[in-house]
1. Work out the length of the dipole vector of chain C about its Cα centre, built from +1 on the beta-carbon of each Lys and Arg and -1 on the beta-carbon of each Asp and Glu, and round it to the nearest 20 debye.
2. Over 23 Å between Cα atoms: which of B:Lys56/B:Lys102; A:Lys140/B:Lys3; A:Lys124/C:Lys87; C:Lys24/C:Lys100; A:Lys140/C:Lys50 fall into that group?
3. Mean residue ellipticity at 222 nm from the helices of the protein assembly as shown, using -39,500 (n - 2.57) per DSSP H segment of n ≥ 4 over the full residue count, to the nearest 500 deg cm²/dmol?
4. By how many degrees, 0 to 90 and rounded to 10, does the Cα axis of helix A:228-258 deviate from the longest principal axis of chain A?
5. Sorted by accessible area with a 1.4 angstrom probe, largest first, how do C:Lys50, C:Lys19 fall?
6. Full-extension gain between C:Glu116 and C:Tyr38, please, as 0.36 nm times their residue separation minus the C-alpha to C-alpha distance.
7. What distance in nm separates the two pseudo spin-label positions at A:Arg80 and B:Glu77, each 7 Å out from Cα along the beta-carbon direction?
8. Would you list which lysines come within 17 Å of C:Lys19, measuring only between C-alpha atoms, while excluding same-chain residues fewer than 8 positions from it?
Amino acid sequence: MITRVLAQLGSVGVSALSSIGRAHLLILNMLAGLNDIIRRPRLLIDQLYSVGVLTILIIAVAGLFVGMVLGLQGYYILSRFGGETALGLMVAASLVRELGPVLTALLFAGRAGSALTAEIGLMKATEQLSGLEMMAVDPKHRVLSPRFFAGLISVPLLAAMFSCLGIFGGWLVGGGMLGVDQAAFWNGMQGGIDFSDDLVNGFIKSVVFGFVCTWIAIYQGYDCIPTSEGVSRATTRTVVHSSLAVLGLDFVLTALMFG
Amino acid sequence: MNKSKVIEIWVGGFMLAGIVALFWLSMQVSNLGTSYTGDTFHVTANFDNIGGLKTKAPVTMAGVEVGRVTSIVYDPESFRARVGLDIQTTYTGKIPEDTFAKILTAGLLGEQYIGLDPGGAEDPLKEGSEIMITQSALVLEEVIGQFLFSKASEGDK
Amino acid sequence: MDIPRGKVTAIMGPSGTGKTTLLKLIGGQLQPDSGDIYVDGQHVNALNNKALYQLRMRMGMLFQSGALLTDLTVFDNVAFPLREHTKLSESMIRKLVLLKLEAVGLRGARDLMPSELSGGMARRVALARAIALDPMMIMYDEPFTGQDPISMGVLVQLIRKLNDAARISSLMVSHDVAETMQIADWVYVISEGKVVESGSPEQLRSQGGEWTQQFIKGLPDGPVPFHFPADDLANDLGACL
């Protein structure tokens, strides 16, 4: 009985290790694919469209509403202390430092990450990846690498858009509906948000999240069992793993940056 | 228009929008946009207590921003805080030497900044001058202490 | 096991005996646990990545599902290997692609997407793509599975024609006995990863062993039993009661 449990634990451990190993080999291969992308930027452009452009809408809507909610909630709390003038700072700081990068990454994992996994998984299931290999084209460079770099580029840009629209939403609610002084809103923000401490750190966060989310999505697609069940499981895993990774990494990064 | 052209345009728009968003954040939302590139001259002022003043806090005259706090150090000789101010060169020769510098707070809980009240002297502030007349930041505990003290002394009468 | 040049060689066997695995081994997509594979004098499982890719350019492979790239049109699919591996001008590529499509009789379908093709058409397009680089050999993975009789006939004819006209060596993996026997020059029958018998179709038909006879004629019971190994039926039923 005990030996069975031990053997099972061992095999789970070994398969986890080999999975980690495969994921890292994959990322090395994808980074090496940068060569091909520089020679053929068209590959990257197509992926920027399906990974980035198609995600704009959900990011924009979510950003606007998150900002509006922040404006409302912030106003109710701040007005208790007579600190409505700090509303701009509160909205901007929470968006730029946390909500922008984190929510963008979570939405990206749900919208683009799952699509990437499903697409690559189906390409595997329909032997398209094998087909490419047999045509002497490395699918890791030709198919996976452009998707990876598209994700890496898209997430920081999407996070910036999210923050912008969020601040705009906060301003709409705070300045427009609730009558917070406009100048105080913007000045408080500009006085309180530091370029290198807040903006650059938020940007670094979104780059890290983009890297991790796209990596997970592509790895899950490439490593999935090529059946309909395997693809659907891989898609679920992408969303779950990405979300957990983003939230965990966010804590670590926040502790490192602002601690 | 063929499909690949449409994709190119969308991607171009996406990249542009992202970069504009980043630029807007740096310029409009952070303090990067409010730090000027123009020339400045440097003056210092000594305060008994600077409260919560921080570097990069604005320096204003009649509410108009004329400069920024660039350095705050503790001077062990005089036991006071030595604050360095950078004033825009457009105001060279236009701020009297006996200007009064005080640390003010924007709103009840807002950021602290330095307000300058012009004096009446003929000679203006120059590069390296020191502002002689200063007023410290309002520290809440001290204000309350004073208030209680005056109430107590009123009660004595 | 030897596969001669310029001939149609077929590998037959029941499902799950490692026929597709064999093709993947030859293409260098899998590494053998033991044994060696040589293609055109080159030791496939010892080649480095670059040499392997060089070799693959001279091999074509037709997958069971066709494996067309779903985001490209028929024309672009066939042009894909040419664009990847040659520096030909666009007009040259166009000519070549149209010729290849003409060879499989689908020149008119060049602007369709793979999702708009029937299974047989998709396989013909995949065949055009496989011969785009004029390979020295083509591997067919179950070319006849799931085809209606007409597309099967078309494929049989195409495979034979391509083999004879372009002097391409063909290696076919299949369990469709009738069609395979019709076009193959030499047949290997494998079972559970081992070669059971080999010979020309006629030889196998007339002198094949018991196992081969069962396979060729499709008898339900024989050396391969009808029943999956199980306990005695009475015992099993008894256990239920």
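The values are calculated or read from the model by the stated rules, or taken from the named source; none is laboratory data. Small disclaimer: the values here were computed from a predicted structure and weren't measured. Every residue, glycine among them, receives a Cβ derived from its backbone with ideal geometry; neighbour counts consider all protein chains shown. In case anyone asks, the SASA skips ligands and DNA or RNA and just uses the protein heavy atoms, side chains included. Shrake-Rupley method; radii C 1.70, N 1.55, O 1.52, S 1.80 Å.
1. The dipole magnitude comes to about 1360 debye.
2. Table pairs above 23 Å Cα-Cα are A:Lys140/B:Lys3; A:Lys124/C:Lys87; C:Lys24/C:Lys100.
3. So the helix-based figure for the protein assembly as shown works out to -16500 deg cm²/dmol.
4. 50 degrees
5. Numbers: C:Lys50 155, C:Lys19 10 Å².
Correct descending sequence by accessible area is C:Lys50, C:Lys19.
6. Length gained, C:Glu116 through C:Tyr38: 24.2 nm.
7. Here the answer is 5.0 nm between the modelled labels.
8. C:Lys194
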